[in-house]
Amino acid sequence: MSDDRPGAFMASSAPAATKSSFPAVVDEATRVLVLGSLPGEVSLSHAQYYAHPRNQFWSLMEAVVGVELAGSPYQVRLAVLLSAGVGLWDVIRSANRVGSLDANIRDHRPNTLRELVATLPALRAVGFNGGKASDIGRKQLAADGGPALITLPSSSPAHAIPFDRKRAEWLQLKAFLDSAQSAR
């Protein structure tokens, strides 16, 4: 039985397909790294982070970086995030999953988060996009005085809390971008 969301399944006899993350989008000036869990079906089919039209990621990031993103071409959105000091990646390198829901992720293999973070000299904070990303990512990045670790409400349409509440939580990231610019 499936629900009405594209790519979302409650239960299925279909075998889980192996899904893989995209390359990290970062540079040496990345101050905030946003980590999702694993791209969903729509994102995978478009080869773009957060491609599902109902995913609120781009609208949430508009509030953080202060630049309109949702209506821009994908490569422009990535360039704006990088120029603002925001990088993207996922905590899961590959996993078996039917559909797009995090609850359906099985047999995951994590990305090498600690190694990536070590290459980012300006990094001040890691924002986990949702509970699954936080649970997996914190196992690698907890302790040792590294960047601030912030669990954010998922931008997924499956995480049904009001946008204003999500936006208020996501705005925590802005301070890590603003403080770096004011220190220059």
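The values are calculated or read from the model by the stated rules, or taken from the named source; none is laboratory data. Note that the structure is a prediction, hence the values are computed from the model and not measured. For neighbour counting, all protein chains shown are included, and Cβ atoms are generated from backbone atoms with ideal geometry for every residue, glycine included. To get the accessible areas, we keep the full protein, side chains included, count just its heavy atoms, and leave off ligands, DNA and RNA. Shrake-Rupley method; radii C 1.70, N 1.55, O 1.52, S 1.80 Å.
For segment 52-184, the relative contact order works out to 26 percent when only alpha carbon pairs closer than 8 Å and six or more residues apart are counted. Other residues whose C-beta falls under 15 angstrom from the C-beta of L60 contribute a net charge of +2, scoring Lys and Arg +1 and Asp and Glu -1.
In segment 49-184, what percent of the accessible surface is made up of carbon and sulfur (1.4 Å probe, ligands and nucleic acids excluded)? If you can, show how the numbers build up before the last one.
Details: 3370 of 6390 Å².
C and S fraction of accessible area: 53 percent.
When the Cα atoms of segment 16-92 are aligned to their principal axes, the ranges along those axes come out at 38, 27, 17 Å in descending order. For segment 21-152, the pair-distance distribution built from all alpha carbon pairs, in bins 5 Å wide starting at 0, is 2, 11, 21, 25, 21, 14, 6, 1 percent.
Quick one: length gained pulling E68 to Q172 fully straight, 0.36 nm per residue minus the C-alpha distance?
Working: separation 104, 0.36 × 104 = 37.44 nm, distance 1.83 nm.
Full extension of this stretch gives 35.6 nm more.
On average, how much accessible surface per residue is there in segment 120-169, in Å², for a 1.4 Å probe, leaving out ligands, DNA and RNA?
Numbers: 2400 Å² over 50 residues.
Per residue, segment 120-169 has an accessible area of 48 Å².
Electrostatic bookkeeping for L88 treats Lys and Arg as +1 and Asp and Glu as -1; over the other residues with beta carbon under 12 Å from its beta carbon, the sum is -1.
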